1. Given the condition open to solvent by 20 Å² or more (accessible area, probe 1.4 Å), over 32 Å from the mean Cα position of the chain (by Cα) and either away from ligand 2 (no atom under 16 Å from the Cβ) or among the hydrophobic types (A, V, I, L, M, F, W, C) (or both), answer yes or no: does some residue in segment 197-211 qualify?
2. Give the residue that is farthest from residue 93 (Cα to Cα), with candidates limited to residues of segment 25-60 that are of a type in the set (Ser, Thr, Tyr) and either touching a Gly at 6+ places or on another chain (Cβ under 8 Å) or buried (at least 19 other Cβ atoms within 10 Å of the Cβ) (or both).
3. Run residue 294 past the list (1) within 16 Å of ligand 2 (Cβ to nearest atom); (2) more than 25 Å from residue 241 (Cα to Cα) and report the number of the one that doesn't hold.
4. Might you let me know whether segment 96-107 holds any residue that is aliphatic (A, V, I, L, M), touching an Asp or Glu at 6+ places or on another chain (Cβ under 7 Å) and either within 16 Å of ligand 1 (Cβ to nearest atom) or touching a residue at least 40 places away in the same chain (Cβ under 8 Å) (or both)?
5. Considering 283, 275, which residue is within 16 Å of ligand 1 (Cβ to nearest atom), open to solvent by less than 10 Å² (accessible area, probe 1.4 Å) and closer than 30 Å to residue 56 by Cβ?
6. Among the numbered conditions (1) open to solvent by less than 60 Å² (accessible area, probe 1.4 Å); (2) of a type outside the set (S, T, N, Q); (3) assigned to a helix (DSSP H, G or I), tell me where residue 239 comes up short.
7. With the requirement that a residue be surrounded by 17 or more Cβ atoms within 10 Å (Cβ to Cβ) and free of Cβ contacts under 8 Å to residues at least 60 places away in the same chain, what does segment 334-354 give you?
8. If we scan segment 311-327, do we find a residue that is more than 21 Å from the chain's Cα centre (by Cα), at pLDDT below 95 and either within 16 Å of ligand 2 (Cβ to nearest atom) or open to solvent by less than 60 Å² (accessible area, probe 1.4 Å) (or both)?
Amino acid sequence: MSTFQAPKGTYDLLPPDSATFLAVRDALAAPLRHSGYGYVETPGFENVDLFARGVGESTDIVTKEMYTLTTKGGDRLALRPEGTASVLRAALEANLHKQGALPVKLWYSGSYYRYERPQKGRYRHFSQIGAEAIGMEDPALDAELIVLADQAYRSLGLRDFRILLNSLGDKECRPVYREALQGFLRGLDLDEDTRRRVDINPLRVLDDKRAEVQRQLADAPLLGDYLCDACRAYHKEVRELLTEEGVSFEDDGRLVRGLDYYSRTTFEFVHDGLGSQSAVGGGGRYDGLSEMIGGPALPSVGWALGVDRTVLALEAEGVTLDLPPSTSVFAVPLGEEARRVLFGVVTQLRRAGVAADFAYGSRGVKGAMKAANRSGARYTLVAGERDLAEGVVQLKDMESGEQNAVPVSEAAEALRKLLA
Ligand code: ATP
Ligand code: MG
């Protein structure tokens, strides 16, 4: 062991588990790539004010969880705690919303950083797949994103998750609700921090995870009873589209989310096998965000799915992904000349797109065959002096145990055909 360890709240992804992680990431992104979303990549850090304004000054993310730094040049930066503000910033900066038709549909994949209290499923460095549909108000777009996330989780074999759905209203009806909620909350017995939150962002008090707070919230007014006609109709349409597509959801009138910028549709995917870190993904509509960061009005909707927690959800459900072995052919040379010959065959195989590996060093046949077994390769190629004298290599099927001599010059092509 070295003197160093991964920083608190982080972990390393190592083989073989890292293969599952990669496959999960690919599976979460796959439905987006087939649905008109283009890939976007933004820097790992941004001007700190982008998040302060975009995510919200009163959110936990901004007040407690951001990694901030001042550069030698005096710039105030933050490691990105989430993706939406950065992606919208990038789209505005490149004027994507002025080119071609709206919405601008983008997806991303990357690392995010939050200074959290580390626990299972809650890390200081984690990974998300995200999607944003920018510049369009259409309930079908909200429904599309929920359908695609549902499809992504199902494609992995996950079943024990639920979709929670709510509407947060808009700038017409939310203020009325906000006041009603504030009135209610001010009558409760709350600690000072929470009382301050009642003044700044009362909706987020609904999101308080503490039992003693939740108990007092039983009779809190619900946003659903305050929605204006436009929001009500919009929400009805989203719900109907989901129902028509056979995606079941639960109405959760208390669902608010940690970020300030949401409006109307808001949703969360929760997995029941994950204990208190149950949210595997979430998102919603953020019609006001563009203006909050200095852009034009661009109503938008998006989500972010947590890759780490999705992997934990698979474990909780006992789902193992059927991953192809990373090596199809493993070459075991016996002797110097065989090394050169088989190295050539392996190179040929790799160039032909066959995953092949090689027993390096001189650990003897036993060690080499062990490595071949561990590699998961379907076939091994073994060659010794006698084989080479006859111009052949031994091709062994690791499943059946069957072994045949194949001319060296035909080995690569024979394997390519067997594996096709
Ligand atoms: P939570 O309520 O659990 O803190 P959140 O509302 O802060 O979640 P979002 O900002 O919506 O989460 O991020 C989307 C997804 O990213 C979450 O549903 C979760 O799966 C994942 N995620 C968020 N924070 C973390 C973290 N610290 N560690 C691991 N995954 C995370
Ligand atoms: Mg959080």
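1. Of the residues in segment 197-211, the ones open to solvent by 20 Å² or more (accessible area, probe 1.4 Å) are 197, 199-201, 207, 209-211.
Adding the requirement that they be over 32 Å from the mean Cα position of the chain (by Cα) leaves 199.
Add one more test, that the residue is either away from ligand 2 (no atom under 16 Å from the Cβ) or among the hydrophobic types (A, V, I, L, M, F, W, C) (or both), and what stays is 199.
Yes, some residue in segment 197-211 is open to solvent by 20 Å² or more (accessible area, probe 1.4 Å), over 32 Å from the mean Cα position of the chain (by Cα) and either away from ligand 2 (no atom under 16 Å from the Cβ) or among the hydrophobic types (A, V, I, L, M, F, W, C) (or both).
2. Keep residues of segment 25-60 that are of a type in the set (Ser, Thr, Tyr), which gives 35, 37, 39, 42, 58-59.
If we keep only those that are either touching a Gly at 6+ places or on another chain (Cβ under 8 Å) or buried (at least 19 other Cβ atoms within 10 Å of the Cβ) (or both) too, we end up with 37, 42, 59.
Numbers: 37: 18, 42: 12, 59: 25 Å.
Among them, the one singled out is 59.
3. (1)
4. Residues of segment 96-107 that are aliphatic (A, V, I, L, M), as a first pass: 96, 101-102, 104, 106.
Those still in the list that are touching an Asp or Glu at 6+ places or on another chain (Cβ under 7 Å) too: 106.
Applying the additional criterion that residues be either within 16 Å of ligand 1 (Cβ to nearest atom) or touching a residue at least 40 places away in the same chain (Cβ under 8 Å) (or both) yields 106.
Taking every residue of segment 96-107 in turn, at least one turns out to be aliphatic (A, V, I, L, M), touching an Asp or Glu at 6+ places or on another chain (Cβ under 7 Å) and either within 16 Å of ligand 1 (Cβ to nearest atom) or touching a residue at least 40 places away in the same chain (Cβ under 8 Å) (or both).
5. Details: 275 fails: open to solvent by less than 10 Å² (accessible area, probe 1.4 Å).
Just a single option satisfies the conditions, and that option is 283.
6. Answer for residue 239: the failing condition is (1).
7. Once the filter is applied, which keeps residues that are surrounded by 17 or more Cβ atoms within 10 Å (Cβ to Cβ) and free of Cβ contacts under 8 Å to residues at least 60 places away in the same chain, segment 334-354 yields 334, 338, 339, 342, 346.
8. The initial filter retains those residues of segment 311-327 that are more than 21 Å from the chain's Cα centre (by Cα), namely 324-327.
Then drop every residue that is not at pLDDT below 95, which leaves 324-326.
With the extra rule that they be either within 16 Å of ligand 2 (Cβ to nearest atom) or open to solvent by less than 60 Å² (accessible area, probe 1.4 Å) (or both), the set shrinks to none.
No, segment 311-327 has no match at all.
The values are calculated or read from the model by the stated rules, or taken from the named source; none is laboratory data. Because the structure is predicted, anything quoted here is derived from the model rather than measured. So basically every Cβ, Gly included, is an ideal-geometry build from the backbone, and we count neighbours across all protein chains shown. Surface accessibility is based on the protein's heavy atoms, side chains included, excluding ligands, DNA and RNA. Shrake-Rupley method; radii C 1.70, N 1.55, O 1.52, S 1.80 Å.
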